[in-house]
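The values are calculated or read from the model by the stated rules, or taken from the named source; none is laboratory data. From a predicted model like this one, the values you see are computed outputs, not experimental measurements. Heavy atoms of the whole protein, side chains included, go into the accessibility calculation; ligands, DNA and RNA do not. Shrake-Rupley method; radii C 1.70, N 1.55, O 1.52, S 1.80 Å.
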Amino acid sequence: YFAWEKYLSGWLSSDQVKCVSAKTKVKVTLSPQADSSAGLKMLVVKVSETKALVVEYRVPGLGYDGMNVKQGALVYLVDSAIDSGKDPIKVLTKPDITTLKNKESIKYSNVKITQVSGNNAGITIQVN
């Protein structure tokens, strides 16, 4: 499951989610989204009235994540104007990269998301 789906299903509480606008510069630490312990699990960056970038931390073999999951920040776009079942979630990738590693970035619109640092316990994400 994506963290977005977990939140909509009530499996994540509002204190496990941080929401900011695209104009906000912020640095946050995310704990693995599949870990049931407390901590920030999802960063949501509003980019338009219907679209938001979502960042979560994936770790192989933890929770529902199988061993084929790559460790790092997973960044995806959610478009609320697209009905469920018609792919409202699009994972943002670079060639051969599904999740970010330390010092890697991805850009959408005018928003740059960087995985600054991290280890198994959590990652630091910067939004510019």
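Give me the percent of Cα-Cα pairs in the chain that sit more than 22 Å apart, rounded to a whole number. Before the final figure, lay out the partial values.
Numbers: 2346 of 8128 pairs.
Result for the distance tail: 29 percent.
Would you kindly state how much longer the chain becomes between Lys25 and Lys86 on full extension, computed as 0.36 nm times their sequence separation minus their alpha carbon distance, in nm to one decimal?
Values: separation 61, 0.36 × 61 = 21.96 nm, distance 3.16 nm.
Here the answer is 18.8 nm.
Measuring from centroid to centroid over Cα atoms, what is the spacing of region 19-58 and region 74-128 in Å?
9 Å
Could you pull out every residue, at least 5 positions away or on a different chain, whose amide H is within less than 5 Å of the one on Cys19? Hs are placed 1.01 Å off N in the peptide plane, and Pro or chain starts have none.
Val44
Quick one: 3J(HN,Hα) in Hz for region 3-17, Karplus 6.51/-1.76/1.60 with θ = phi - 60°, rounded, Gly and Pro as x.
4, 4, 5, 4, 5, 5, 7, x, 7, 10, 8, 5, 6, 9, 10
Check Lys112: other-chain or 5+ apart residues with amide H under 5 Å from its amide H, H built from backbone geometry?
Amide H neighbours of Lys112, under 5 Å, 5+ apart: Asn128.
At 1.4 Å probe radius, can you tell me the per residue accessible area of the chain in Å²?
On the way: 7140 Å² over 128 residues.
Accessible surface, normalised per residue, equals 56 Å².
At 0.36 nm per residue, and after removing the present C-alpha to C-alpha distance, how many nm does the segment from Tyr1 to Asn128 gain when stretched out fully?
Numbers: separation 127, 0.36 × 127 = 45.72 nm, distance 2.69 nm.
This chain segment gains 43.0 nm when fully extended.
Which far-off residues, 5 or more places away or on another chain, put their amide H under 5 Å from the one on Val69, with H placed in the peptide plane?
It is Gly61, by chain and number.
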